[in-house]
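**Q** Pasting a structure below so you can have a look.
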Amino acid sequence: MIEPSENPELWQFLGSLREGQLLSGTVAAIEPFGVFVALDEGPPHPCFPGVGFLTLPELSWRPVDEASEVVRVGQRVTCVFLWFDTWNGEARLSLRSARPDPFQAFADRVGVGRELTARVVERLPFGIVVAVADGIEGVVHVSELAGDRPDPERDFSVGDEIAVVVTAVDRQRRTVGLSRRRVAS
């Protein structure tokens with residue numbers, strides 16, 4: 001933990017930042033747990049490669065396994081300031097919040113009742129997970145699969161393209177309800 005008295009310039013800078021403020025900088029280091037960003041403004045960090053820090057979920061609207069899927073050392077980034085981490089003395093940032101949300105764009109153009117072509121990405125005992133757009137997935141519950149006794153693992157293979165109907169779009173929870181049973185024959 002870095003005490004305010006140890007580095008008052010850093011604490012003053014971080015305390016002056018406001019939630020939602022855009023900050024620019026350079027990716028200084030990529031670690032398995034996140035990304036350090038050397039911010040253009042403010043003092044250097046006494047311990048870390050940068051004053052800004054991005055956790056993996058804040059890198060992209062899509063799930064990522066490694067930060068290198070999204071950024072590289074030396075890359076310029078503009079991020080949204082989330083909060084002042086007083087334990088580590090760093091600015092917590094979000095790269096994804098500085099970019100349009102693909103789910104909201106999907107929700108703007110796709111309404112309930114619309115038929116879509118989806119690709120099966122996973123089979124589960126209670127249904128199938130399908131990709132309905134680039135980066136947008138939904139679950140077709142077993143009760144919404146066609147047939148008398150649907151079996152997701154028997155009836156579908158990963159990669160299958162199927163028709164589905166949108167039954168619900170929840171912008172807050174970022175979920176889409178889907179049905180195969182309601183597809184027009």
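**Q** Pop a pseudo-label 7 angstrom from the Cα along the beta-carbon direction at both Arg154 and Ala29 and give the gap in nm to one decimal.
**A** 5.5 nm
**Q** If we count every other residue with Cβ under 13 angstrom of Pro46's Cβ, Lys/Arg +1 and Asp/Glu -1, where does the sum land?
**A** Result for the local shell: -4.
**Q** Next question, about the same structure. Within 10 Å, count the other beta carbons around each residue, average over each peptide in 111-117, 136-142, and list them highest first.
**A** Per-residue Cβ counts within 10 Å, averaged per peptide and sorted highest first, yield 136-142, 111-117.
**Q** Among the trypsin sites (Lys or Arg not before Pro) within the stretch 1-99, which fall in a DSSP loop and have no more than 11 other Cβ atoms within 10 Å of their own Cβ?
**A** Passing both the DSSP loop test and the Cβ count: Arg18, Arg72.
**Q** Follow-up. Take the alpha carbon gyration tensor of the stretch 141-180, find the square roots of its eigenvalues, order them as a ≥ b ≥ c, and report rounded if a/c is under 1.5; if not, report prolate when a/b exceeds b/c, else oblate.
**A** prolate
**Q** Does the stretch 72-112 come out rounded, prolate or oblate by the C-alpha gyration tensor, with a ≥ b ≥ c the root eigenvalues, rounded set by a/c under 1.5 and, if not, prolate when a/b is larger than b/c and oblate if not?
**A** Since a/c reaches 1.5 but b/c is at least a/b, the shape of the stretch 72-112 is classed as oblate.
**Q** Whole-Hz Karplus ³J(HN,Hα) for the stretch 164-171, in order, using 6.51 cos²θ - 1.76 cosθ + 1.60 and θ = phi - 60°, x for Gly and Pro?
**A** 9, 10, 6, 9, 6, 10, 10, 5
**Q** With the contact rule set at Cα under 8 Å and sequence spacing of 6 or more, what percent relative contact order holds for the stretch 42-149?
**A** Taking the mean separation of contacting Cα pairs over the length of the stretch 42-149, I get 18 percent.
**Q** Additional query: By its C-alpha gyration tensor, with a ≥ b ≥ c as the square roots of the eigenvalues, how is the chain shaped: rounded for a/c under 1.5, else prolate for a/b larger than b/c, else oblate?
**A** On the way: a/c = 3.37, a/b = 2.80, b/c = 1.20.
Cα axes put the chain in the prolate bin.
**Q** Moving on to the next point. For Gln104 and Gln75, compute 0.36 nm times the residue count separating them, minus their Cα-Cα distance, and round to one decimal in nm.
**A** 7.7 nm
**Q** Please report the spacing between the Cα centers of the stretch 135-156 and the stretch 53-70 in Å, no decimals.
**A** 30 Å
**Q** Now for a separate question. Chymotrypsin sites (Phe, Trp or Tyr not before Pro), restricted to the stretch 67-123: which are DSSP loop and have at most 16 other Cβ atoms within 10 Å?
**A** On the way: sites: Phe81, Trp83, Phe84, Trp87, Phe103, Phe106; in loops: Trp87.
Hits after loop and neighbour filter: Trp87.
**Q** A further question on this structure: What is the distance, in nm, between label points placed 7 Å from the Cα along the Cα-to-Cβ direction at Ser5 and at Arg171?
**A** 5.0 nm
**Q** Here's something else I'd like to know. Would you tally the net charge around Arg92, using a Cβ to Cβ cut-off of less than 15 Å, leaving Arg92 out, and scoring K and R as +1, D and E as -1?
**A** -3
**Q** Accessible area per residue of the stretch 55-96 at 1.4 Å probe, in Å²? Mind dumping the intermediate values first?
**A** Details: 2210 Å² over 42 residues.
Value for the stretch 55-96: 53 Å² per residue.
**Q** Further question: Which percent of the accessible heavy-atom area of the chain goes to carbon and sulfur, probe 1.4 angstrom?
**A** Result for the chain: 48 percent of the exposed heavy-atom area is carbon or sulfur.
**Q** Averaging sequence separations of C-alpha pairs under 8 Å and six or more residues apart, then dividing by the length of the stretch 89-177, give the relative contact order as a whole percent.
**A** 32 percent
**Q** Compute the distance in nm between two label points, each set 7 Å from the Cα along the Cα-to-Cβ direction, one at Glu41 and one at Gln21.
**A** Computed distance between label sites Glu41 and Gln21 equals 0.6 nm.
**Q** If you don't mind, another one. For the stretch 105-176, what is the accessible area per residue in Å² when the probe is 1.4 Å?
**A** Accessible surface, normalised per residue, equals 58 Å².
**Q** Right, something else. Compute the relative contact order of the chain as a whole-number percentage, counting only Cα pairs closer than 8 Å that sit 6 or more residues apart in sequence.
**A** RCO, the chain: 17 percent.
The values are calculated or read from the model by the stated rules, or taken from the named source; none is laboratory data. Note that this is a predicted model, so its numbers are computed, not measured. Cβ: placed from backbone, ideal geometry, glycine included. Neighbour counts: every protein chain shown. Accessible surface areas use protein heavy atoms only, side chains included; no ligands, DNA or RNA. Shrake-Rupley method; radii C 1.70, N 1.55, O 1.52, S 1.80 Å.
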